[in-house]
Amino acid sequence: ENDRLIMAFESSADETSVAIVKNGNEIVSLETATQIKSHQRFGGIVPEVASRHHIEEVTILADAALSDAGLTYQDLTAIAVTQGPGLVGALLIGVTAAKTIAWAHHLPLIPVIHLAGHISAANFVQPIVYPALALMVSGGHTELVWMPSEFEYLVIGDTRDDAAGECFDKVGRVMGLTYPAGKTIDQMAARGSENYDLPRALMNDQQYDFSFSGLKSAVINLLHNADQRQETVNLEDLATSFQHAVMDVLLAKTKAALLAYPAKTFIVAGGVAANQELRSRLKALLATFPDTTFTPVPMNLAGDNAAMIGAAGDIAYRHGVRADWSLNANPGLEF
Ligand code: KG4
Ligand code: ZN
């Protein structure tokens, strides 16, 4: 049986990325262009700016991904692309590029849900064994996803307001940090102490939903009140206090979900999965679940990239998913 070689496109937010993935678990090539610098002075992603960058980069990255791999389009098995969720104008660039290449080279076209991509990055570490449970924590999403078998995704917990990464970014903004602030807060938190008392929402309900807007408001109020009283706030201590509050909630909900949904594999994925406190606390928690293998996605594949879309595209391809030429971007796509 021949190897499957899938070329994958990701353009849902502020990274343009093209990858070639072999058999769903090996990165043959990965080319990513980040636009973070263009958005930083606005404190967040500007959709029109994002689309323009994607247009400039996408064909260059596709050519580079092929030449890095020493392949031609004739060698490929299929084209996979992020269909959603994300910014519609940004998604459209990837979808249009993927459709065009698939049509021109007579290749199957595979639509991928961005969140399935994040989770599937675990397959680059070791094969996901099902049933599996994933904590998906990114700038746009905070979900606990139960996967009874491959290609079956059930959202058992979701955020009722802000996503965890969004909360890091918004809190970072009021602390005067540059966007995106997650990594900076992570580093500052390692140096501070937990000297500020901040709320942890929905800790005692029996469900797996999250809420982070109250925590965000508490940090905004704390800084505002200190400013009014001309008191100084120790930003490292605030970072530690804030991060502990986020992680206490993520860990409590994960533990409850692991108890109710016995999984063979537990995955943490998405941009926030790069967080050091989250990784180490999850590692300690999973040590108490001997039947569950802990698979954090690699640090360099936690944030948005096309390799993860290739991994998810390979799963979808094997399950018979094919799109026709009417495929459109879907900014609100869900599992
Ligand atoms: O998955 P991702 O690259 O994009 C989305 O699909 O949203 O996630 C980006 C998010 C941002 O909110 C960023 O601040 C956060 O991931 N992030 C972190 C860390 N690194 C990135 N949050 C906490 N700790 C980190 N080390
Ligand atoms: Zn993402």
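Exactly one residue out of ALA65, ALA116, ALA80 is within 16 Å of ligand 1 (Cβ to nearest atom) and under 20 Å from GLY24 (Cα atoms): that is ALA116. Within region 24-45, which residues are away from ligand 1 (no atom under 15 Å from the Cβ) and buried (at least 17 other Cβ atoms within 10 Å of the Cβ)? Within region 24-45, GLY24, ASN25, ILE27, VAL28, SER29, GLU31 qualify. Within region 174-194, is there a residue that is more than 25 Å from TRP146 (Cβ to Cβ), within 16 Å of ligand 1 (Cβ to nearest atom), loosely packed, with under 15 Cβ neighbours inside 10 Å and within 21 Å of the chain's Cα centre (by Cα)? Within region 174-194, one or more residues are more than 25 Å from TRP146 (Cβ to Cβ), within 16 Å of ligand 1 (Cβ to nearest atom), loosely packed, with under 15 Cβ neighbours inside 10 Å and within 21 Å of the chain's Cα centre (by Cα). With respect to the stated conditions, LYS255 is at pLDDT 95 or above, under 12 Å from LEU135 (Cα atoms) and assigned to a helix (DSSP H, G or I). Checking every residue in region 212-233 against the condition of being away from ligand 2 (no atom under 16 Å from the Cβ), crowded, with 19+ Cβ neighbours inside 10 Å and in a loop (DSSP other than H, G, I, E, B) gives at least one match. Considered as a group, the residues in region 264-318 that are surrounded by fewer than 23 Cβ atoms within 10 Å (Cβ to Cβ) and assigned to a loop (DSSP other than H, G, I, E, B) include one that is nearest to ligand 1 (Cβ to nearest atom), and that residue is PRO298.
Would you check which residues across region 319-334 are touching a residue at least 24 places away in the same chain (Cβ under 8 Å), away from ligand 1 (no atom under 16 Å from the Cβ) and either on the phi > 0 side of the Ramachandran plot or assigned to a loop (DSSP other than H, G, I, E, B) (or both) and list them? Give the derivation first.
Pass one, region 319-334, residues touching a residue at least 24 places away in the same chain (Cβ under 8 Å): 319, 321-325, 327-334.
The next check asks that each one be away from ligand 1 (no atom under 16 Å from the Cβ); those that pass are 319, 321-325, 327-328.
The answer is HIS319, VAL321, ARG322, ASP324, TRP325, LEU327, ASN328.
Table: residues versus (1) over 23 Å from ALA121 (Cβ atoms); (2) touching a Lys or Arg at 6+ places or on another chain (Cβ under 6 Å); (3) in a helix (DSSP H, G or I).
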residue	(1), (2), (3)
ILE27	no, no, no
HIS39	yes, no, yes
VAL49	yes, no, yes
LEU61	no, no, yes
LEU71	no, no, no
GLY89	yes, no, yes
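The values are calculated or read from the model by the stated rules, or taken from the named source; none is laboratory data. All of these numbers come straight from a predicted model, not from anything done at the bench. Cβ: placed from backbone, ideal geometry, glycine included. Neighbour counts: every protein chain shown.
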